1. Say we look at region B:48-90 and pick out the residues that are among the β-branched types (V, I, T) and surrounded by fewer than 19 Cβ atoms within 10 Å (Cβ to Cβ); which of these is nearest to A:A902 (Cα to Cα)?
2. Condition (residue is in contact with a helix residue (DSSP H, G or I) (Cβ under 8 Å, 6 or more places away or on another chain), of a type outside the set (F, W, Y) and facing chain A (nearest Cβ under 9 Å)) applied to region B:81-88: is it met by at least one residue?
3. Looking at (1) of a type outside the set (F, W, Y); (2) within 40 Å of the chain's Cα centre (by Cα); (3) modelled with pLDDT under 90, which is the one condition that is false for A:T224?
4. Looking at region A:522-541 only, could you name the residues that are without any contact (Cβ under 8 Å) to a residue 60 or more places away in the chain and in a helix (DSSP H, G or I)?
5. Kindly indicate whether any position in region A:294-309 is buried (at least 17 other Cβ atoms within 10 Å of the Cβ), touching a Ser or Thr at 6+ places or on another chain (Cβ under 6 Å) and either assigned to a helix (DSSP H, G or I) or at pLDDT below 80 (or both).
6. Would you mind finding the one in A:V544, A:V468 that is away from chain B (no Cβ under 14 Å) and either part of a helix (DSSP H, G or I) or among the basic types (K, R) (or both)?
7. Taking the conditions exactly as written (within 14 Å of chain B (Cβ to nearest Cβ) and either of a type in the set (V, I, T) or touching a residue at least 12 places away in the same chain (Cβ under 8 Å) (or both)), does A:S819 satisfy them or not?
8. So, B:I140, is that one more than 17 Å from B:F44 (Cα to Cα), in contact with a helix residue (DSSP H, G or I) (Cβ under 6 Å, 6 or more places away or on another chain), within 11 Å of chain A (Cβ to nearest Cβ) and surrounded by 19 or more Cβ atoms within 10 Å (Cβ to Cβ) or not?
Amino acid sequence: MLRATLKSALGHRLRLVLTAMSVMMGVAFVAGTFIFTDTIDKTFDELFADVYAGQDVIVQSETGYDVSLGIPPPFNAGVIETVRGVPGVVAAEGSVSGFAVIYDEAGKAIVPTGPPTLGGSWVEDDRLVGNTEMREGRGPTASDEVVIDARTATAHDLVLGDVVEVQTLMKVATYRVVGIIGFGEADNLGGATMALFDLDTAQRLFGMEGEYSSITVVADSGTTPEVLTRRIQAVLPDTLEAVTATDELAAQTQSMQESLGFLQTALLVFAAVAVFVGSFIIQNTFRIIVRQRQRELGLMRAVGATGSQIIWMVVIEALLVGLVASLLGILLGFGIAGGLTVIMDAAGFSMPSTSAPLALRTIVVGLAVGLLVTVAAAVVPAVRASRIPPVAALHDMDVTLRMSDRARAIIGGILLAAGVGFMVSGLLEGLIDIGPLNQLTRVGIGAALVFLAVSLLSSNVVKPAAAVLGHRSVLTAVGVLSGLALVGTGVGLVVYGASSGVGAVAYMIPLALIPLAVGGLALYLGLTVVRDRFSPALAVQNAVRKPRRTATTASALMIGLALVTFCFILGDSIKASAGQAIDEGLRADYVLSVNAFVGGFSPQLADDLTQQPEIAAVTAMRIGYWDLDGREQIATGLDPVTADQTLFLDIQQGDFGALADGGVLVLDTVAEEEGWTLGDEIPMGFARGLQQVEIVGIFAKQNLVQPYVVSLDFFEQNMSGYGSDLDYAVAVKAADGVSPEVSRAVVEAAAADYPNATVRDQAEYRAAQEDQANTMLALFNALLVLAVIIAIFGITNTLALSIYERTHEIGLLRAVGMSRSQVVRAVSWEAIVVAIIGAVLGIVVGTVFGVVVAVAMASQGLTVLSIPVLQIGALVVFGAIAGLIAALFPARRASRLRILDAIAYE
Amino acid sequence: MVTTVPRTDLTAARMTAGVKRYGQGDTAVTALDGIDVSFESGRFTAIMGPSGSGKSTLLHCLAGLDVLTSGSAYIGEVELGSLSDKDLTLLRREKVGFVFQAFNLIPTLSAKENVLLPLLIAGAAHDAAWFGEVVGILGIENRLSHRPNELSGGEQQRVAAARALVSHPAIVFADEPSGNLDSRSAAELLAFMRRAASDYGQTIVMVTHDPVAAAYADRIVFLGDGRIVDEMANPTTEAVIDRMKQFGG
């Protein structure tokens, strides 16, 4: 029995490959996600291990909680003598850390998007430097000297003796490069740039005169780090703590893994979509295979095979496909991980790279997902196969058992209701409580159920949809539009290449050939509808001939495009809402902000601007973190006196002025969610400890600020975090009567000393916000493209199998006068019709999802519902193109069938 | 108004020195081994011979479904070997009608659409009077809206025969058209083909191994081992059986 199965599977290698492809891509995404995040994990592990190499004990401020990207608050440097006096201490040295941006020779800030731009003090004692090694030169000894990392030096052609600009808390100043350092093998620390100054200079630059960020200690050979830590802790004041370097390393690594956990979850959601789409295709393929092998299976039953043997035959074939596909998928995962790095990089999250690790977990999960999905998808077809009666061996009749239309409608209806229920319960949390699943999971399960339901129910719309699509004018429009879109893309690529230089053209022209060729084919298809009505008519008839097969195939594409539509609507609504908020809520004429995800510019800039007579008000804003019962919250610190002139937060209760006395302003929706009212005291956990802080105002418009707003004084006393001593944004209001030209010139002039500050007026600021949303949207859609590619494979696979079934028919048509090009057109149109049905279903489902979620999020600032009709409409054309691409291979194959072989078939 | 094609002495199709070989070297099989034959317009010719004698190959090469290894095949005055796939397709569409033994019809199309298939493919208008006459003679006028799976085997073959005639082809090739039919349906179909040749001057070439079917033809060409071994004019069933006994086929 096993041999028969293997022979049958290997006998249809093409079918095996095409089926495996859909599983493989889903598994590849899962494996790729793990490999990608493991790589980042490993990089940071190596980074932290490097930082603490050779050190035994760290002394730092005792913090209430571990702040994200946190640098603990500085402490008085005097304590170093106490530490040095502890028995067992061989060496102890204090250091400071902070934020420093190096500028290249062209005056451009060297800011890696993702890894930080570190600044610090040079460690004098060789025993405490970890694996930091001097590659060239020496340590800094004067206030105008700096040591930089080797990667920054080589990437920006900086050599010993060069004078570079470095920005810290202070204004940009110039320093001479006296040393270039590496870290063991590595040229930098996980992608971070580094500028080290002598201790005095560093303390001054980071605003920590007479203070340290930490003290590092080396124990003598007879004392363990644990023992020494206890001894040091005993002599430290209450505000400081001693930890072993090993514990600190573990804490840092864990905190990094926690922040990566979000990224991993997000990517696994996309992987789950890919696997889900793949399962539709596998199920369809096995159903078709069972139908095609009906006579063979009937014969097996006739000669004595039992029903369960037949089930095993199909299931073993599924296992075989799943196994091969999963193994290939895990290998392909490395490619996906590389692709993710590129996508993330393009979206602005550049990730440091190291060799990609293949963890056992990646293999186990990859195999489990691949095998489970394949076998689960094959179970229903297998059971159907086992019910084929022996008589099927004798007649070619369609005896495959299938659900009645009524049963489908009932099951589809139940699934739809359940799906909607899950989604609603997820969106309106608190209204319906259904146990421990979190909101996102519930919405996800709901969406999956709705997709299944639509897939089951959609076989009923195949016929009417195909009838509409089959109209000649519709087909012509589809062909011409997708043709023009593709030709436009091809020409665009060439023009883009030409504008970016000679080398780029050579690269772009071959790349452009693909859309140009497919576009040409689409135009040809559209324009031939007039003179060849037969091929499209035949295509439409073939598309509706097995409505369930068509519905399942189309559903695979529906899922991907529904999610794209959903993203379009949500993204557009976010943009429109943000735009509306800016229009309504920004009183400032200019916004200065940083073009990076973290960091900021020196408070000096805001001070400079305040001095100018042309400027009426300047509000500097900083970002900091605090802890609410274990949940990290983000707050803005600002000057309450000027904020009323530059920002419009639409304060509902209380007022700005009260902030000056140390209260907090809370966004209305947050207050409502937490059950807080004006005058309540809330427990805010800071690095320095817990404080009860009074709510002195509730605001409604979250504009440029975070959900919590405190005064700058309060912020400076309590908040801490990477770059929290820098301004992330400054809002500027010009004085009355000053022309925009003059005020702009004044702001630009002040900002000139701070190259990472970008000046934008209201319209520019709004456009920049929209750009940011567009980038996220592009990132999501790039990840969803994989689901669409899998769907294309599904259409190809189904089409190839259908054509195999129709070999004889095609032979007959060719014999009585159908030309090869007519066969190509008929197959292409069939795929396009199926794909467009999928696209339209996807648009409908995605629009419903988008509108529902957008409305549900109205209280979270999504005040405008905006549906980008043109973009969504373009998805129909995109679907047609996907169908055409799916058809290329089967169409060619069908047109090349040798007529005599086809007629003699069977 | 009955459209008739006048009987002429022109040759509808012919083959000269036709050789068809499959495979290469030691394993090569010669299916046609120097065939010289012609088929006059307006006549009904049967090709007979034992299994493996090359009769189907001869039909396929004459009909432009397969290509000769050497020699020439003509439909009218057009030499098939010189045609591209596209021209060959057009020639089949316009000049040739086919009736196969089975799987003659497209299951998604109605009987009427199947009859009109070559014209639909060409996007050409059909001759309504001739269509009505053909389906009338074949007795399928009430079955035209049905799908093939709703028709009996005999009806299916009659629809195929109607398709072969409806585009006024120069020649109709039939490959065991009655092979899957019961004797009554077979007789009806063959009588119709006979009538198409006699009354309408339709040239028909039919491959068969059934002496009863062959007896409907004007002339029989006997094949053996890829060569023409004999001919018979105005055959009867008994004469055919006698002749076949001589060949041991």
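The values are calculated or read from the model by the stated rules, or taken from the named source; none is laboratory data. Everything quoted here is computed from the prediction, not taken from an experiment. Counting neighbours? That spans all protein chains shown, and the Cβs are built from the backbone with ideal geometry, glycine included.
1. B:V67
2. Among the residues of region B:81-88, at least one is in contact with a helix residue (DSSP H, G or I) (Cβ under 8 Å, 6 or more places away or on another chain), of a type outside the set (F, W, Y) and facing chain A (nearest Cβ under 9 Å), which makes the answer yes.
3. (2)
4. If the condition is that a residue be without any contact (Cβ under 8 Å) to a residue 60 or more places away in the chain and in a helix (DSSP H, G or I), then A:L523, A:Y524, A:G526, A:L527, A:Q541 are the ones that fit.
5. No: region A:294-309 contains no residue that is buried (at least 17 other Cβ atoms within 10 Å of the Cβ), touching a Ser or Thr at 6+ places or on another chain (Cβ under 6 Å) and either assigned to a helix (DSSP H, G or I) or at pLDDT below 80 (or both).
6. After ruling out the rest, the residue left standing is A:V468.
7. So A:S819 fails the test.
8. Against the criterion (more than 17 Å from B:F44 (Cα to Cα), in contact with a helix residue (DSSP H, G or I) (Cβ under 6 Å, 6 or more places away or on another chain), within 11 Å of chain A (Cβ to nearest Cβ) and surrounded by 19 or more Cβ atoms within 10 Å (Cβ to Cβ)), B:I140 does not qualify.
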